[in-house]
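Engineer: A single structure is presented below for examination.
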Amino acid sequence: MEPEGVSRGSIRPVAQLHESFIIAVDDEGLLLIDQHVAHERILFDKFRRKETERALESQNLLLPETVDLSPAQSQAFEIVEEELSSIGFGLMRLSGRTVAIKSIPTDLPAAEVHNLFAEILDNIDLEKRGSGKATVRDDIAASLACKAAVKINMKLTLEKMHWLIDRLLTTSSPTTCPHGRPVILRLSMKDIERGFHRT
């Protein structure tokens, strides 16, 4: 599935705007691509796909990160422990409510581990414990994708822009991020000509 009016391989990145948006062109006109949400969509699909296939590759931490869980987080951990393991987290329950994180998904920056782990557990709705496993997986994948995606105000090479666009067009929903925000804004040649009073 491709964005309306966009052909795979026809999009050519030309520059970045404020190191946050990719300016690209194709046969139909001009496109602005939000680099953060584009990468978010790519990673979300990757994490979701791996959850339904096999365990995701992980990277070992030099030193395990220990996290002391609140009672609510401890309950949430019981719900999502298996899901977290399937996407690349190496976890070990220590004494009481302490968990050691030994490894993390390869796309995730090590500096984000503690905050992301707590965020995932805090966002689990304990009321829905017995239902909505797919929704829990989506929530985890969305949180991971957001933290691991390239940020705004980050300089990208033309090669990286090409990579993002090519991967984006193979995702399940190239025009929206996992949270529903738009990824691509289009200004067609008709729009441009109308703006210059040429039509």
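What follows draws every value from the coordinates through simple rules; no lab data is involved. None of the values given here were measured: they were computed from a predicted structure. For neighbour counting, all protein chains shown are included, and Cβ atoms are generated from backbone atoms with ideal geometry for every residue, glycine included.
Engineer: Roughly how big is the chain's charge dipole about its Cα centre, with Cβ charges of +1 (Lys, Arg) and -1 (Asp, Glu), in debye to the nearest 20? Could the numbers behind the result be given before it?
Structural biologist: On the way: 25 positive and 30 negative charges, 50 e Å.
My answer is approximately 240 debye.
Engineer: May I ask you to list the chymotrypsin sites (Phe, Trp or Tyr not before Pro) in segment 115-199 that are in a DSSP loop and have at most 15 other Cβ atoms within 10 Å of their Cβ?
Structural biologist: F196
Engineer: What does the extension gain come out to for L63 and F196, with contour length at 0.36 nm per residue minus their alpha carbon separation? Each step should come with its number before you reach the end.
Structural biologist: Details: separation 133, 0.36 × 133 = 47.88 nm, distance 5.95 nm.
That pair, L63 and F196, stretches by 41.9 nm at full extension.
Engineer: Would you mind working out the magnitude of the charge dipole of segment 55-148 relative to its Cα centre, with +1 at each Lys and Arg C-beta and -1 at each Asp and Glu C-beta, to the nearest 20 Debye? Mind showing how you got there, number by number?
Structural biologist: Details: 8 positive and 15 negative charges, 39 e Å.
Roughly 180 debye, rounded to the nearest 20.
Engineer: Two-decimal Rg/Rh of segment 55-148 from alpha-carbon positions, Kirkwood Rh?
Structural biologist: Working: Rg = 12.3 Å, Rh = 13.2 Å.
Looking at segment 55-148, the ratio lands at 0.93.
Engineer: I've got another one for you. State which entries of K102/K133; K46/K160; K151/K190; K46/K155; K102/K151 exceed 27 angstrom in Cα-Cα distance in the structure shown.
Structural biologist: Long pairs (Cα-Cα over 27 Å): K151/K190.
Engineer: Efficiency by 1/(1 + (r/R0)^6): what FRET value for S74 and K102, r their Cβ-Cβ distance, R0 = 25 Å, to the nearest 0.05? Working shown, then result.
Structural biologist: Values: r = 18 Å, r/R0 = 0.74.
Computed FRET efficiency for S74 and K102 comes out at 0.85.
Engineer: Can you give the extra length, in nm with one decimal, that the chain gains between S10 and K133 once fully stretched, where that is 0.36 nm per residue apart less the Cα-Cα distance?
Structural biologist: Numbers: separation 123, 0.36 × 123 = 44.28 nm, distance 3.82 nm.
Length gained, S10 through K133: 40.5 nm.
Engineer: Sorted from largest down, give the three principal axis spans of the alpha carbons of segment 23-108, whole angstrom values.
Structural biologist: 61, 26, 25
Engineer: Would you compute the Debye intensity of the chain from its alpha-carbon atoms alone, equal scatterers and no solvent, and pass along log10 I(q)/I(0) at q = 0.11, 0.17, 0.18 Å⁻¹ to two decimals?
Structural biologist: With one equal scatterer per Cα and no solvent, log10 I(q)/I(0) is -0.58, -1.08, -1.17.
Engineer: Can you find, among F21, F117, V150, the residue farthest towards the positive end of the dipole of the chain? Put +1 on the C-beta of Lys and Arg, -1 on that of Asp and Glu.
Structural biologist: The listed residue farthest towards the positive side: F21.
Engineer: For the chain, what does the helix formula give at 222 nm: sum of -39500 (n - 2.57) over DSSP H segments with n ≥ 4, over the residue count, nearest 500 deg cm²/dmol? Provide the component values of the computation, followed by the final result.
Structural biologist: Numbers: 6 runs with 79 residues, N = 199.
Using -39500 (n - 2.57) per qualifying helix, the result is -12500 deg cm²/dmol.
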